[in-house]
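Written below as structure tokens is the structure these notes are about.
The values are calculated or read from the model by the stated rules, or taken from the named source; none is laboratory data. Source: prediction; values computed, not measured. Every residue, glycine as well, gets a Cβ built from its backbone with ideal geometry; the counts of neighbours run over all protein chains shown. Surface accessibility is based on the protein's heavy atoms, side chains included, excluding ligands, DNA and RNA. Shrake-Rupley method; radii C 1.70, N 1.55, O 1.52, S 1.80 Å.
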Amino acid sequence: MFFELSDWIILGLFFTILLGIGLWAAKSAGKSHVEFFLSGRNMPWWLLGISMVATTFSADTPNLVTGLVREGGIARNWAWWSFLITGMVTVFIYARLWRRSEVLTDLEFYELRYSGPIASFLRGFRAIYLGFFFNCLIMGAVTLAAIKIGNVMFGLEPWVIVVGGSVLIGFYSALGGLKGVIWTDFFQFTISMIGAVYAAIVAVRHPQIGSLETLFTHPSIQDKLQFYPSIQDPSLFVTILIIPIAVQWWSVWYPGAEPGGGGYIAQRMLAAKDEHHALGASLLFNIAHYAIRPWPWILVALASILVFPDLASIQSAFPQIADQYLGDDIAYPVMLTFLGPGWLGLVTASLIAAYMSTISTHLNWGSSYVVHDVYNRFYRKNASDKELVIVGRLAILLLMASSGLFALLFLENATQAFNILLLSGAGTGSIFLLRWFWWRINAFTELVAMVYGAIQAIILVIFVPDEAFANGLMDGFSTKLVLAVTLTTLIWLLAMYLTPPESDETLKAFYRKIHPKGPGWSRIHEKCLLHGEPKIQTSKDPSLTAQLAMVFLCSVGVYLLLFAIGNMLYGQWVLALLMLIPIGFISWVTLKFLHNDQMTSHG
């Protein structure tokens, strides 16, 4: 690509601002490891919410959405749209619980909820498993997208992109800690959204298209426009819609949509000023992530079908793309090559911003595991804050280098990485939901589920082809997913009932601190009364029934907003306006709920 002076100036300004934010944040980041990893627990909801959105606005997400739309239409996005339910459960039930726990990482939770050597081992093992290996897979997928974008737009070799990105992101992530990451996320999200919207406008105005009306009436994409798969094709309907909605959202651990919260989402909630800021942050994230942001990517994906109808046409126009990286997901960066001077620099900056915001978050999150849950917990319990910050910065550099190697050596497309992540966490999600509300779940439960799930995923991904599980009702991968969820769930239930529960002392301490609602802790409450112990004070949280009602209402509201925006783009204004009526009602109920909740807790 030929960049003009205006493009280079924009890119130069972009990197200068990032460096400035990193240097500014570095002044406070080195004060303590709590400051470095949680920004002093003093972040407002709006900033944390935007940071969550920026993190999931990764360089691979537009590629993933483009690949899904080109392969199976808009309805294929239910593979990740279904995680909205997970997100809303986190908003109204788990956000306040995470902030109330006052842990520094979500893995510290293990020694709050469980006790003994198994809890310690589980915490340390998952720190390495998630913070290093699993995290490198996630960052490798994002880096793979950066490789494809850099190859298309700059003609750069993959190793040049990996080394350049590693040096740049590793430097500013190690410099400013979470505070630097959050404020750069705010800046980068603004750039990313502007770039995504303008890229969609340019794609629709391509000479072969010209307008939204021409795009949506073109015969080549008529089978791609449905929001839902047709029930006339049972296999497609079950695979694309029923499995994600009925099974996937609660049963699968997936980064950014962990059942019960977790990972960098939990890290953001733990950094909030209080429980209400944690709740507000996660609510903002789910609205923006699922309803507002997808449509620019979808428009580019649909336009790419008309401009580049198959992979051969892409390869003909861009012969420098290696066969290893040639897939439907590469159509997104290919469409960006039609941008004009100035805007090319801005949109390129937006893609770099999307890449950097995701990687920087995962680096800080992963290094927090290495430092707090391994180094400080098992090797240097009396380490100073200065030492912990130094180790954190070294861990960031190691993670960056490892993820780059993973992208270069193992991954080929965004869908492949997405499927590996889904299968790896299949069946464990229900544990993460229930462990807060059911006293009987113990450390053995999680350990057995994690080990069995990992072994099962390796076998299903590496040794069993999808075609072997294909049938008349579901495709091969969906069958694998249901099988993995079923077997893992049976295994962890069996392990739970065959092993003793946690001690009453551990369970009482957890219940006193967290105040979970529901009947799952009635046994602990009764034991306290039986032994004449002081009554455990219950929280002023809304009832579990009210919380679940809000989960349902807000999930419906966000889906309605998603499809209302889609109908506006389709030109179906009456249907879009009809959808806005229940959206308005749900918004009013939600604001009233939040206001009453805050007043009750303060009262």
Rounded to the nearest 500, the 222 nm mean residue ellipticity computed for the chain from DSSP H runs (n ≥ 4, each -39500 (n - 2.57)) alone is -21500 deg cm²/dmol
Taking Asp323, Asp475 and ranking on accessible area (1.4 Å, protein atoms only), highest first, one gets Asp323, Asp475
Expected field for Lys386, accessible surface area in Å² at 1.4 Å probe radius, rounded to 10, holds 150 Å²
One would report the Cα pair-distance distribution of region 30-169, bin width 10 Å, in %, as 9, 25, 35, 24, 7, 0
Region 334-406, convex hull of Cα, quarter of hull surface, nm² -> 6.5 nm²
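Based on the Cβ-Cβ distance of Ile455 and Leu398, what FRET efficiency does E = 1/(1 + (r/R0)^6) give at R0 = 25 Å, to the nearest 0.05? Write out the running numbers ahead of the final one.
Details: r = 26 Å, r/R0 = 1.04.
Step by step, r from the Cβ atoms, then E = 0.45.
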re region 294-339: pairs of Cα atoms spaced beyond 17 Å account for a percent value of 25 percent
Binned at 10 Å from zero, the C-alpha pair distances of region 93-169 give percents of 16, 29, 23, 19, 11, 1
Per the Cα gyration tensor, region 204-301 corresponds to an equivalent ellipsoid with semi-axes, largest first in Å, of 34, 21, 9
Nearest-0.05 FRET efficiency for Lys527 and Ile17 at R0 = 60 Å, using Cβ-Cβ distance, is 0.60
Two pseudo-spin positions, 7 Å from Cα along C-beta at Leu487 and at Trp438, lie apart in nanometres by 2.1 nm
Rounded to a whole number, the Stokes-Einstein D of region 416-526 in µm²/s (Kirkwood radius over Cα pairs; 4 °C; 1.567 mPa s) is 84 µm²/s
Measure of exposure for Phe338: accessible area at 1.4 Å probe, Å² rounded to 10, is 90 Å²
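If the limit is 26 Å between Cα atoms, which of Lys179/Lys517; Lys273/Lys592; Lys273/Lys513 go over it? If you can, show how the numbers build up before the last one.
Numbers: Lys179/Lys517 33 Å; Lys273/Lys592 21 Å; Lys273/Lys513 18 Å.
Among Lys179/Lys517; Lys273/Lys592; Lys273/Lys513, the Cα-Cα distance tops 26 Å for Lys179/Lys517.
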The farthest towards the positive end of the charge dipole of the chain, of the residues Leu137, Leu284, Ala257, given +1 on Cβ of Lys and Arg and -1 on Cβ of Asp and Glu, is Leu284
Rounded to two decimals, the Debye log10 I(q)/I(0) of the chain (Cα scatterers, no solvent) at q = 0.11 Å⁻¹ is -1.08
Given all pairs of distinct Cα atoms, region 151-266 yields a Kirkwood Rh in Å of 19.2 Å
Projected onto the charge dipole of the chain (unit charges on the beta-carbon of Lys, Arg, Asp and Glu, signs +1, +1, -1, -1), the Cα from Ser403, Leu241, Pro516 with the largest positive-side position is that of Pro516
Over region 214-329, with neighbouring protein chains present, the accessible area per residue in Å² at probe 1.4 Å is 33 Å²
Helix 504-514: inclination vs the chain longest Cα principal axis, degrees, rounded to 10, gives 50 degrees
Taking 238-244, 202-208 and ranking on average Cβ neighbours within 10 Å, highest first, one gets 238-244, 202-208
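What order, most packed first, do the peptides 186-199, 88-101 have when packing is the mean number of other Cβ atoms within 10 Å of each residue?
Working: 186-199: 21.2, 88-101: 24.9.
The densest-packed peptide leads the list: 88-101, 186-199.
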Probe 1.4 Å, all chains present, heavy atoms only: Tyr290 accessible area in Å², nearest 10, is 10 Å²
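Leaving ligands, DNA and RNA out of it, report the carbon-plus-sulfur percent of the accessible area of the chain at a 1.4 Å probe.
Details: 15690 of 22810 Å².
Here carbon and sulfur together make up 69 percent of the probe-accessible area.
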The chain: longest segment with zero exposed GluC sites (Glu not before Pro), where exposed means DSSP loop plus at most 13 other C-beta atoms within 10 Å, is residues 103-603
Taking 480-493, 72-85, 371-384 and ranking on average Cβ neighbours within 10 Å, highest first, one gets 72-85, 480-493, 371-384
Projected onto the charge dipole of the chain (unit charges on the beta-carbon of Lys, Arg, Asp and Glu, signs +1, +1, -1, -1), the Cα from Gly557, Ile221, Ser120 with the largest positive-side position is that of Ser120
